[in-house]
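**Student:** Below is one structure. I have some questions about it.
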Amino acid sequence: PKLGQIPDIDPDALDFLHEDIKEACVCIGRWNQGQLQTLWAGKNHLEKAQFWSSTKIIPALNVLSQVNSKFPGSAVENWRIQNPEDELQSASFEAIVEDIVSYEKQIDSSNALSAMLKRFETREKLEKWLQTITGNYDLEFRGNYGEEPWIMNPELVDSQNKEVLLRAVSDEATGDNLVSAYDLTRIISMIGWHYHLESDAQFPHVNWKSLQPIIKGLGKDTARFVDVALEMLGLENQIRFPVILSKLGHGPSSLRQTIETTYMALVQFVDPLPKSTGNSAKLRSVAMTLRGVIPIQYLENFDDESIRLDARMAAEVTEILRRVITEELDEVA
């Protein structure tokens, strides 16, 4: 739908998911005569919750929106973020996004880099920007990521013409990062399907070329739930042109006495299997977000329970993809 409009989401179509999956949202994309059509399914899909690191791509998208709006001719491959007091402390925007997703710490921790990107907009305006995109005005997005920013007052510059594109804003207000599974499914689908969306359904001012660092970064996620699913379904050597964009979130909550894993992903591939029944190969494309929660009595059990939750998440992603391929979800969503 257009920006700010929540689509019709079937609240019962994901009832097959295990009880450990507390919230989920799935969006299936289909092309009919070149037009993208979507089917939405949910489970507590508008319940706001902490989705951990899965939300870290949002500040990066806001940076794109701001710069593309003010400097539409600036090429994203020339963007660098630097410390105005120490120009040796700098890195390319693309490398920062990749480090946030991959956790490789080539520059700094994922938390520190994400906190820095939030410095380019006030928390109130960033939250409002996200709300006007997804249409969910109940979400909150004013929290931190547990660490100090890599650069407290960063500048984003065009390294080719030495022009400052964005400066940090003065805003110390904080709150919570509480979004919904729908919000994140909407975000990842808008990234992956940007080229196919009408302008009134795209990220404001963001062009396809500037999204490339985001797309490349989301290809470096540490999670491999979709890879496991394709293997379990016997499809890893059958499908063609696979694309997997994803962002994992994970952590223990001492307040809730739980271990929690979140997974936001967009999966797309050409499925040749319909040819076996005389039909044409089909392009399968689906966006999804899941949040799994396991209660624990002692946080010392973190590692063991994390492994169990990982297995549960992999199993549920596999079942979602199975139903996408058999088109069972199309019948209920």
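The values are calculated or read from the model by the stated rules, or taken from the named source; none is laboratory data. Keep in mind that what you see is a predicted model, and the values were worked out from it rather than measured. Cβ sites come from the backbone with ideal geometry, for glycine too, and all protein chains shown count toward neighbours. Accessible surface is based on the protein model in full, side chains and every heavy atom, while ligands, DNA and RNA are left aside. Shrake-Rupley method; radii C 1.70, N 1.55, O 1.52, S 1.80 Å.
**Student:** Search region 206-219 for residues being assigned to a loop (DSSP other than H, G, I, E, B) and more than 19 Å from residue 183 (Cα to Cα), and hand back the single one that is most open to solvent (accessible area, probe 1.4 Å). Quick ask: steps written out before the conclusion?
**Tutor:** Step one: filter region 206-219 for residues assigned to a loop (DSSP other than H, G, I, E, B), giving 206-208, 219.
Now narrow it down to the ones that are more than 19 Å from residue 183 (Cα to Cα): 207-208, 219.
Values: 207: 58, 208: 96, 219: 42 Å².
Only one residue fits best here, namely 208.
**Student:** Follow-up. Please determine, by comparing only the residues of region 172-205 that are in a loop (DSSP other than H, G, I, E, B), open to solvent by 10 Å² or more (accessible area, probe 1.4 Å) and not charged (D, E, K, R), which one is farthest from residue 106 (Cα to Cα).
**Tutor:** If we filter region 172-205 for residues that are in a loop (DSSP other than H, G, I, E, B), which is where we start, we get 172-176, 180, 193, 197-198, 202-205.
Subset that is open to solvent by 10 Å² or more (accessible area, probe 1.4 Å): 172-176, 197-198, 202, 204-205.
Checking the rest, the ones that are also not charged (D, E, K, R) come to 173-175, 197, 202, 204-205.
Details: 173: 29, 174: 27, 175: 29, 197: 34, 202: 31, 204: 30, 205: 30 Å.
It comes out as 197.
**Student:** Among the residues of region 267-289, how many are surrounded by 13 or more Cβ atoms within 10 Å (Cβ to Cβ) and either farther than 15 Å from residue 314 by Cα or in contact with a Phe, Trp or Tyr (Cβ under 6 Å, 6 or more places away or on another chain) (or both)? So that I can check it myself, show each step before the final result.
**Tutor:** Pass one, region 267-289, residues surrounded by 13 or more Cβ atoms within 10 Å (Cβ to Cβ): 267-274, 281-289.
When the remaining residues are screened for being either farther than 15 Å from residue 314 by Cα or in contact with a Phe, Trp or Tyr (Cβ under 6 Å, 6 or more places away or on another chain) (or both), the result is 268-274, 281-287.
Qualifying residue count for the region: 14.
**Student:** Can you tell me which condition residue 230 does not meet? The list is (1) under 25 Å from residue 284 (Cβ atoms); (2) within 17 Å of the chain's Cα centre (by Cα); (3) surrounded by 15 or more Cβ atoms within 10 Å (Cβ to Cβ), and all the others hold.
**Tutor:** Result: residue 230 passes all but (2).
**Student:** Can you confirm whether residue 94 is in contact (Cβ under 8 Å) with a residue 24 or more places away in the chain and touching a Ser or Thr at 6+ places or on another chain (Cβ under 8 Å)? Working first, answer last.
**Tutor:** Values: in contact (Cβ under 8 Å) with a residue 24 or more places away in the chain: yes; touching a Ser or Thr at 6+ places or on another chain (Cβ under 8 Å): no.
Considered against the rule, which asks whether it is in contact (Cβ under 8 Å) with a residue 24 or more places away in the chain and touching a Ser or Thr at 6+ places or on another chain (Cβ under 8 Å), residue 94 comes out as no.
**Student:** For region 154-170, which residues satisfy the criterion of being surrounded by 17 or more Cβ atoms within 10 Å (Cβ to Cβ) and among the charged types (D, E, K, R)? Step through it out loud before you land on a result.
**Tutor:** Let us first name the residues in region 154-170 that are surrounded by 17 or more Cβ atoms within 10 Å (Cβ to Cβ), namely 154-158, 165-166, 168.
Selection gives 155, 158.
**Student:** Next question, about the same structure. Of everything in region 154-164 that's in a strand (DSSP E or B) and touching a Lys or Arg at 6+ places or on another chain (Cβ under 7 Å), which residue is nearest to residue 128 (Cα to Cα)?
**Tutor:** This residue is 155.
**Student:** It is to be established whether one or more residues within region 243-251 are at pLDDT 90 or above, surrounded by fewer than 16 Cβ atoms within 10 Å (Cβ to Cβ) and touching a strand residue (DSSP E or B) at 6+ places or on another chain (Cβ under 8 Å).
**Tutor:** Yes: region 243-251 contains one or more residues that are at pLDDT 90 or above, surrounded by fewer than 16 Cβ atoms within 10 Å (Cβ to Cβ) and touching a strand residue (DSSP E or B) at 6+ places or on another chain (Cβ under 8 Å).
**Student:** For region 50-77: of the residues being open to solvent by 20 Å² or more (accessible area, probe 1.4 Å) and hydrophobic (A, V, I, L, M, F, W, C), which is farthest from residue 154 (Cα to Cα)?
**Tutor:** The extreme case among them is 52.
**Student:** May I ask you to list the residues in region 310-333 that are open to solvent by 50 Å² or more (accessible area, probe 1.4 Å), of a type outside the set (A, V, I, L, M, F, W, C) and at pLDDT below 90?
**Tutor:** Result: 331, single match.
**Student:** Return the pair list, or none, for Cβ contacts closer than 8 Å from residues in region 177-202 that are within 13 Å of residue 40 (Cα to Cα) to residues that are among the hydroxyl-bearing types (Ser, Thr, Tyr) and surrounded by fewer than 24 Cβ atoms within 10 Å (Cβ to Cβ), at least 6 apart or on different chains.
**Tutor:** Between residues of region 177-202 that are within 13 Å of residue 40 (Cα to Cα) and residues that are among the hydroxyl-bearing types (Ser, Thr, Tyr) and surrounded by fewer than 24 Cβ atoms within 10 Å (Cβ to Cβ), the close pairs are 182/134; 183/134; 186/134; 189/38.
**Student:** Say whether the condition of being buried (at least 18 other Cβ atoms within 10 Å of the Cβ), in contact with a helix residue (DSSP H, G or I) (Cβ under 8 Å, 6 or more places away or on another chain) and closer than 24 Å to residue 25 by Cβ is met by at least one residue in region 295-309.
**Tutor:** no
**Student:** Quick one: which residue in 133, 100, 151 is buried (at least 19 other Cβ atoms within 10 Å of the Cβ) and in a loop (DSSP other than H, G, I, E, B)? Full working, then the answer.
**Tutor:** Values: 133 fails: in a loop (DSSP other than H, G, I, E, B); 100 fails: in a loop (DSSP other than H, G, I, E, B).
Going through 133, 100, 151 in turn, the sole match is 151.
**Student:** Let me ask you something else. Only residues that are over 15 Å from residue 162 (Cβ atoms) and either under 24 Å from the mean Cα position of the chain (by Cα) or of a type in the set (A, V, I, L, M, F, W, C) (or both): list them for region 73-91, please.
**Tutor:** 76, 77, 88, 91, listed by residue number.
**Student:** Tell me which residues, restricted to region 10-40, are part of a loop (DSSP other than H, G, I, E, B), touching a residue at least 40 places away in the same chain (Cβ under 8 Å) and either open to solvent by 80 Å² or more (accessible area, probe 1.4 Å) or under 16 Å from residue 133 (Cβ atoms) (or both).
**Tutor:** 12
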